[in-house]
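These notes concern the structure reproduced below.
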Amino acid sequence: MNEKLEFGMLRKKAEELRYNLIAMMDYAGSGHPGGSLSSVEILTAIYYGGFLNADANDPQNPARDRLIMSKGHASPTQYVILADKGYYPKETLKVFDVDNSMLPKHCNRKLTPGIDASTGALGQGMSMAVGMAMAGKMDDASYKTYCLLGDGECQSGEIWEAAMSAAKYKLDNLQVIVDNNGLQIDGRSDDIMPLGDQRAKWEAFGWNVETCNGHSLEEISAALERMGKAADKPSVLIADTIKGKGVSFMENDADWHSRKMTKDEGVQALAEITESYKAYGFENIEASIMFLDEKELAQLTGKESV
Amino acid sequence: MADTKGRSLVSKDIFGPLMVELGHQYPNIVVCDTDLMRCFGTKGFMKEFPKRHINFGIAEQNCMAASAGMALCGKNVFSSSFANFATKRACDQVSISVCYNHANVKVCGLYAGLTAEKNGGTHIGVEDVAIMRSFPDMAVVEAADTYELEAITRYMAEYDGPVYFRQPKMYLRNVYDSVPSFELGRSVELKNGRDVTLIACGIATGIALDAADVLKENGIEARVINMPSIKPIDAEAIIKAAAQTGLIVTIENHSTVGGLGSAAAEVLAENGSDAKLIRMGIKDHFGVTASLAYQLKQNGLTKEIIAGEISSCLR
């Protein structure tokens, strides 16, 4: 199902996913809001912009494109997308992070249809993606492997071992995106352990490097298009993003890496996304809610006192 | 005594050519190296199947996790490094990318235990079995000679799941005179006896057989059990031997902490056995820079020392 939405509809979809994402984490009282919100446009572009060739009705198809969430803590973004795509009933989002959930806090391929690798141990998803791309080359298969990294994750040595091997084996079927939000658990990445010139680093490792505004669906899509045409070398997109994007009090605050929302914060977050949705010219975002009934949603939005 | 003539005692001599044969038979087999083709014996595979061979260089973590990625795309991946590096440098990758993902990767630990000899403590893996045995979903195997190495390798070409495949650089002797059958979770009684049971794996199985001969001269009838499948372990055989012989002696080319001896202790204790257990192996220290013969002696892993221990215990 290689669905491709026009940019207007792509933006509408991104905001609806963002709304569901906040609602899901608020409902669960859990999740990693910062890095999930920063990756919304990237994943929206890949899943709905005509890039990822995957079918919800056949999630194990060997010919499918793979998508590895190496930053496995941003699973919530992928979960709302997979629900929207029909990999599982939308009501499943209610079980995010409950005990022994099929939607665990970090991606688990054995529990969730549409998840291609169990990730969360940072750095390893990148290597697994490299291995998948290598297997594709061995089989002369035409599938692509996408891999989403966090910039903090790039402090891990394994990323660069993997980068070297991808260049050696000319993995032009591998497309890595760095969700470059500049923050990690303990603060600014530049303070914790500076990555320096990321473009120069990836180029020095033999990669085709693209950069873009990671919240511009147009820019992400254009970059992915160019990456798809690069031959004989792997491609990386350094997508500059804002951690917590879309919720004013979460933006650029490292505390929101994995903080739980209070009831009031949840109400405000949903209200802000509703406002943005309207500002884009769309109406009634609440109708897009994938998994809550009117009453349950009213509790989260503060429109009903309990 | 098995005939050793014409059969190499060196793991790579048997493993390398066999992988070329199996490569033809099983198109999904992939071999991954970490700059140790000359130790793994896989240069032939690389030449025969260049597309199905990846040399990751000195980057064990990426090798093991990328192997998992290949396995998740249908490959049966044999990936190696020195036992110490495959299991400790890449410990997290083997645990998470391979086991947690249930990836079909055969993690091959080379130059296992004291057979790394003068490479010394950095290369002599004495705790690799302990670590690998603790990983959920991981099977742990080690052959007693190159005939059994062949049996295990053929089995692994069919088997789908994570395995730690421990390989010494070389064996001291052959135990079998033809390729035996192998099954995960199954031990092999090599010698029957009623006074004591020696349970061993890897190069220690040959030492156990020799020790049994020494014991026989002293009038002690030793049972010898080869335990190529350390996990899952053949608990039934251990319990039966404990009940019938009353004294169990485990012998291994590995630390006595966490390896075969510990596995046997767990079985005995949990089944309420009152048999005595002696664990022979490397006694909670790192390897040293010395020949195999020297280190075996230092650790009490010679037939004379083992027979002596048992004789004094039974006296």
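The values are calculated or read from the model by the stated rules, or taken from the named source; none is laboratory data. Everything quoted here is computed from the prediction, not taken from an experiment. Using ideal geometry, Cβ is built from the backbone for each residue, glycine included, and neighbour counts are taken over all protein chains shown. When the accessible area is computed, the model is the full protein with side chains, heavy atoms only, and any ligands, DNA or RNA have been set aside. Shrake-Rupley method; radii C 1.70, N 1.55, O 1.52, S 1.80 Å.
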Amide H contacts under 5 Å for B:Val30, placed H, 5+ residues apart:
B:Asn76, B:Val77, B:Phe78
Set the Förster distance to 45 Å, then compute FRET efficiency between B:Leu314 and B:Lys47 from the Cβ-Cβ distance, nearest 0.05.
0.25
Leaving out ligands, DNA and RNA, what percent of the accessible area of the protein assembly as shown is carbon and sulfur, probe 1.4 Å?
49
Loss of accessible area when B meets A, both sides summed, Å² nearest 100, probe 1.4 Å:
2100
Rounded to the nearest 5, the percent of antiparallel DSSP beta bridges in the protein assembly as shown equals 15
To the nearest 20 debye, what charge dipole does the stretch A:7-301 have about its Cα centre, counting +1 at the Cβ of each Lys and Arg and -1 at the Cβ of each Asp and Glu?
640
Quick one: what are the phi-derived ³J(HN,Hα) couplings along the stretch B:108-115, Karplus 6.51/-1.76/1.60 with θ = phi - 60°, whole Hz, x for glycine and proline?
9, x, 8, 6, 5, x, 5, 6
Bridge orientation stat for chain B from DSSP, antiparallel percent rounded to 5, came to 15
For the protein assembly as shown, the Debye formula with one identical point scatterer on each Cα and no solvent gives log10 I(q)/I(0) at q = 0.06, 0.09 Å⁻¹ as -0.39, -0.76
Per residue solvent-accessible surface (Å²) - the stretch B:1-52, probe of 1.4 Å:
50
For A:Ser39, solvent-accessible area (1.4 Å; no DNA, RNA or ligand), Å²
0
Computed from every Cα-Cα pair in chain B, P(r) in 20 Å bins starting at 0 and rounded to whole percents is 36, 56, 8, 0
Interchain or sequence-distant (5+) residues whose placed amide H lies within less than 5 Å of the amide H of A:Asn173 are none
Any residues in the stretch A:126-171 that have 30 Å² or more less accessible area with all protein chains than in their chain alone, probe 1.4 Å, and which are they?
A:Ser127, A:Met128, A:Gly131, A:Met132, A:Met134, A:Ala135, A:Met138, A:Asp139, A:Glu158, A:Glu161, A:Tyr169
Dividing the alpha-carbon radius of gyration of the stretch B:188-314 by 2.2 N^0.38 Å (N being the number of residues), what value is obtained?
0.97
Please compare each pair in A:Lys13/A:Lys278; B:Lys118/B:Lys216; B:Lys276/B:Lys303; A:Lys144/B:Lys106 to a cut-off of 22 Å on the Cα-Cα distance and tell me which ones are over it.
B:Lys118/B:Lys216; A:Lys144/B:Lys106
Centre separation in Å (Cα based) which lies between the stretch B:233-284 and the stretch B:33-97:
32
Considering the dipole of the stretch A:7-301 built from charges on the beta carbon (Lys and Arg +1, Asp and Glu -1) around the Cα centre, which of A:Ser30, A:Gly266, A:Tyr169 is farthest to its positive end?
A:Tyr169
If the chain between B:Val288 and B:Arg186 were fully extended at 0.36 nm per residue, the gain over the current Cα-Cα distance would be 33.4 nm
Inter-probe distance in nm under a simple model that places probes 7 Å from Cα toward Cβ, at B:Gln25 and A:Ser276:
5.8
How large is the convex hull of the C-alpha atoms of chain A per residue, in Å³?
114
Could you tell me the calculated FRET efficiency between B:Val10 and A:Ile192, based on Cβ-Cβ distance and R0 = 51 angstrom, to the nearest 0.05?
0.60
Residues whose placed amide H lies under 5 Å from that of B:His254, excluding near-sequence neighbours
B:Ile282
Counting only protein heavy atoms, probe 1.4 Å: which residues of the stretch B:25-69 lose 20 Å² or more of accessible surface in the full assembly compared with their chain by itself?
B:Lys51, B:Ile54, B:Asn55, B:Phe56, B:Ala59, B:Gln61, B:Asn62, B:Ala65, B:Ala66, B:Gly69
Shielded by partner chains, the stretch A:94-121 residues - at least 10 Å² of accessible area, 1.4 Å probe, vs chain alone
A:Asn108, A:Arg109, A:Lys110, A:Ser118, A:Ala121
At 0.36 nm per residue, and after removing the present C-alpha to C-alpha distance, how many nm does the segment from B:Lys216 to B:Glu266 gain when stretched out fully?
15.1 nm
Give, rounded to the nearest 20 debye, the magnitude of the charge dipole that the protein assembly as shown has about its Cα centre when Lys and Arg contribute +1 at Cβ and Asp and Glu contribute -1 at Cβ.
1620
